[in-house]
Amino acid sequence: MSRSISRNLSGRVASFPTAGVRVPRTISWPADPMNALLPVVDRRTFLRRSAALWGTALVPGLFAELLTTTPGLTEGPFYPDRLPLDTDNDLLIVNDALTAAVGEITHLSGRVLSAAGVPLRNAVVEIWQCDSLGAYIHSDSANRGRRDGNFQGYGRFLTDSKGRYYFRTIKPVPYPGRTPHIHFAINRGGRRVLTTQLLVKDEPRNERDSLFRRITDPIRRAALLADFAPVPGSRTGELAARFDLVLGITPEEVG
């Protein structure tokens, strides 16, 4: 039986199945995305290879202190008002199109963890962002008449037993009033448990961004930043970024 996720921040509801979420063209990553380009493999292959990703997984009990929880940031006005037909984790190709989206190809991966370092499996990770022209898949977005129809703009991924997720997307770009960013939402047990944004590390516009400036603690600020580093050997200038999300939940909620 499927269940739905309700968005409780603004009263609006966007429902989609979370039990047995199927992403027909789900793609996975190499053992080290910084040292190899991404092969396209199915989820079963991904699970077999998962032990090699990022080295040793976090082990509960090894931490003397809790991890810094990821600060929440606003959902913003441009969560899709109508979800695209293609909602898998490859935002560069819509369905079976032959033309890829415009932008700097980015392999975005990370883990969803509790504050104690426990990986959270079966969490639905959603991301949404504007295309290379600053347009979202939203009816009120600026530049919507020029939106890149080859950019999916939204994707979701169900974390594995080690809490890992992966997306192929573009490096975020700025638009008037905002620094480059990617929106994230984490859903567990049929409800939204975190809404936040990823910002680009060392991006000069960050210090002028009104949302980022509300966070004054340097450690909490750092928890929102990701380095977009070149993938060695890529002939097309691909990038890799790692962004872990830490939820402030109790051990009893981890399962």
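Of all the criteria given as (1) out of contact with any Cys (no Cβ under 7 Å at 6 or more places or on another chain); (2) free of Cβ contacts under 8 Å to residues at least 60 places away in the same chain, the one not satisfied by His138 is (2).
Among the residues of the stretch 131-144, some residue qualifies, meaning at least one is surrounded by 20 or more Cβ atoms within 10 Å (Cβ to Cβ) and under 26 Å from Pro232 (Cα atoms). Suppose the filter is among the acidic types (Asp, Glu) and touching a helix residue (DSSP H, G or I) at 6+ places or on another chain (Cβ under 7 Å); does Asp140 pass it? Against the criterion (among the acidic types (Asp, Glu) and touching a helix residue (DSSP H, G or I) at 6+ places or on another chain (Cβ under 7 Å)), Asp140 does not qualify. Identify, please: which residue in the stretch 197-210 is surrounded by fewer than 21 Cβ atoms within 10 Å (Cβ to Cβ) and in contact with a strand residue (DSSP E or B) (Cβ under 7 Å, 6 or more places away or on another chain) and is, among those, farthest from Val112 (Cα to Cα)? The extreme case among them is Asp209.
Of Phe157, Phe78, Phe167, all but one fail to be buried (at least 17 other Cβ atoms within 10 Å of the Cβ), in contact with a Gly (Cβ under 9 Å, 6 or more places away or on another chain) and among the hydrophobic types (A, V, I, L, M, F, W, C); the exception is Phe167.
For the stretch 78-105, residues that are under 17 Å from the mean Cα position of the chain (by Cα) and either without any contact (Cβ under 8 Å) to a residue 24 or more places away in the chain or closer than 17 Å to Ala240 by Cβ (or both) total 7.
Is the stretch 137-145 home to any residue that is farther than 14 Å from Leu245 by Cβ and under 18 Å from the mean Cα position of the chain (by Cα)? There is at least one residue in the stretch 137-145 that is farther than 14 Å from Leu245 by Cβ and under 18 Å from the mean Cα position of the chain (by Cα).
Yes/no matrix, rows are residues, columns are (1) outside any loop (DSSP other than H, G, I, E, B); (2) at pLDDT below 95:
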position: Asn95; (1), (2): no, yes
position: Glu126; (1), (2): yes, no
position: Ser132; (1), (2): no, no
position: Ala142; (1), (2): no, yes
position: Gln152; (1), (2): no, no
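Considering Val231, Val200, Val193, the condition of being closer than 21 Å to Leu66 by Cα and of a type in the set (Val, Ile, Thr) is satisfied by Val193 alone.
The residues of the stretch 208-232 that are more than 25 Å from Ala135 (Cβ to Cβ) and in a strand (DSSP E or B), listed by number, are Ala229, Pro230.
Among residues of the stretch 159-181 that are under 16 Å from Gly103 (Cβ atoms) and in contact (Cβ under 8 Å) with a residue 12 or more places away in the chain, those with a Cβ under 6 angstrom from a residue that is among the small types (Gly, Ala, Ser) and in a strand (DSSP E or B), sequence gap 6+ or separate chain, pair up as Phe167/Gly155. Filtering the stretch 154-207 to residues that are of a type in the set (D, E, K, R) and part of a strand (DSSP E or B) leaves Arg156, Arg164, Arg168, Arg178, Arg188, Arg191, Arg192.
The values are calculated or read from the model by the stated rules, or taken from the named source; none is laboratory data. Because the structure is predicted, anything quoted here is derived from the model rather than measured. All Cβ positions, glycine included, derive from the backbone under ideal geometry; neighbour counts span all protein chains shown.
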